[in-house]
Amino acid sequence: MKTLYKKVFLVLGAIVILGYPLLTNAKENVDMNRELKTMAIEKYDTENNVIGQMPYAVNRLIVTKDEIIIQYSGESEFVDAIGIDTDGKTYFLSEYAVWESSDSNVVYADRGRILAENVGNAIVTVSYGEYKQQIQVSVKEHVNYETILAGTFDLQNMTNEQRLRYVQNANSMVNYKWTPTQNLTGWKGNYVFKAGTTYSGIPYTQSPNQTNLAAFQGALTKSDFYSTYTNSSGKMPRYGNDCSGFLSFAYEIPRQTTAQFVNGIKSGTYKKIGSYDPNNLKQNDLLSSYSKLTAGDAVVKSGHAMFVANNVSSENYCLMYEQTPGHAQTTKWTYSSLAAGGYMPFSK
């Protein structure tokens with residue numbers, strides 16, 4: 001009974017900062033936040049690199065999930081990392097914390113996103129300064145999405161040759177198989193392309209050497225291909241592309257940022273799909289708009305963009321060709337996750 005009164009008191013007396021109640025017990029904070037909206041999915045941003053920065057002084061770090069089971073490869077779970085200071089104030093830290101997977105071939109962890117790569121188990125360690133938390137992750141089944149997609153392009157009746165070419169461009173960057181002859185450091189050093197191992201999908205990087213497939217193939221024999229590129233964001237491959245570069249190359253347009261895509265939707269440069277207001281996003285409007293997506297369309301928010309490979313509207317999800325930190329791959333996103341992230345559907 002005392003525990004019940006304590007929880008009631010805490011809920012009623014909570015002062016909310018960044019959507020989180022101030023709780024004095026870390027375990028209760030985790031339990032309570034499981035019932036709250038996950039902020040990591042809303043704030044997930046692959047372009048804004050503040051990883052490793054420590055803007056808030058905290059004396060505790062907690063995560064909203066300490067055990068995750070992901071049924072299929074290509075699916076993601078989002079977890080919030082929360083810091084608590086000596087006054088009990090809470091801070092969203094997912095974008096600042098360092099996320100490391102014990103096996104990036106099983107799951108890749110980045111800014112609150114846990115992305116399933118292959119069947120197996122891994123431990124994700126979340127660090128903010130001296131504070132650490134661990135998340136046990138299990139991926140149950142591997143899905144060959146390309147086998148699934150092989151039959152869907154015909155079903156989508158893609159008589160538009162230009163749109164079909166865009167799909168083929170994205171598909172080729174995701175499914176290109178290459179074998180490094182030396183170890184290649186991946187994004188932020190959290191991923192290693194091992195010599196002699198064959199990989200699918202060109203690497204993620206934010207280096208100036210943004211490449212489409214043809215340019216990446218040409219770069220494989222360059223003398224500096226295996227030399228690590230380093231800037232303020234950290235270590236990364238010298239050749240490859242990021243999410244908006246990937247989308248730009250698929251659409252055969254000059255390199256755009258996610259902000260330019262977003263502004264293009266607002267200005268009418270890019271065709272909005274659905275009835276949402278890009279200046280006043282509402283989840284219900286987004287949810288109804290996703291059903292109108294077809295292969296060759298895209299979704300974007302400030303900080304991340306994805307190319308639609310197939311829309312399974314009967315089950316309310318899309319398969320995406322996505323450049324993720326790590327490498328380009330096919331991922332699965334439910335409509336509800338897209339709406340929670342504020343992704344705007346559009347077409348070139």
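List of remarks:
- With Cα atoms, 0 to 90° folded angle of helix 2-12 axis to the chain main axis: 60 degrees
- Peptide packing for 327-338, 219-230 was compared via the average number of neighbouring C-beta atoms within 10 Å per residue; ordered from the highest value, the list is 327-338, 219-230.
- For the chain, DSSP calls about 90 percent of its internal beta bridges antiparallel.
- Centroid-to-centroid separation of region 270-348 and region 83-142 [C-alpha atoms, Å]: 25 Å
- Burial ordering of K89, K140, fewest other beta-carbon atoms within 10 Å first: K140, K89
- Summarised in one figure, the compactness ratio Rg/Rh of the chain, Cα atoms and Kirkwood Rh, is 0.98.
- Phi to ³J(HN,Hα) by Karplus 6.51 cos²θ - 1.76 cosθ + 1.60 over region 333-348, Hz, x for Gly, Pro: 10, 6, 4, 5, 5, 4, 5, 4, x, x, 7, 9, x, 7, 9, 6
- Overall, the chain carries a charge dipole of about 360 debye about its Cα centre when +1 sits on the Cβ of Lys and Arg and -1 on the Cβ of Asp and Glu, all other atoms neutral.
- Spacing of the two label points (7 Å from each Cα toward its C-beta) at Q260 and T198, in nm: 3.6 nm
- With contacts taken as Cα pairs under 8 Å and at least 6 residues apart, region 244-327 reaches a relative contact order of 23 percent.
- Cross-link pairs exceeding 27 Å in C-alpha to C-alpha distance, out of K177/K266; K188/K348; K89/K266; K140/K177; K65/K271; K132/K188, comprise K177/K266; K188/K348; K89/K266; K65/K271.
- The per residue volume of the convex hull around the alpha-carbon atoms of region 145-347 is 121 Å³.
- As a proxy for reagent exposure, ranking L293, L93 by other Cβ atoms within 10 Å from fewest up yields L293, L93.
- Only one residue of G326, I202, Y239 has its Cα farthest out toward the positive end of the dipole of the chain, where Lys and Arg carry +1 and Asp and Glu -1 on Cβ, and that residue is Y239.
Every read-out reported here was derived from the displayed coordinates using simple, explicitly stated rules and does not represent laboratory data. Treat the numbers as computed from the prediction; the structure is a model and nothing was measured. Cβ atoms come from the backbone with ideal geometry, glycine included; neighbour counts cover every protein chain shown.
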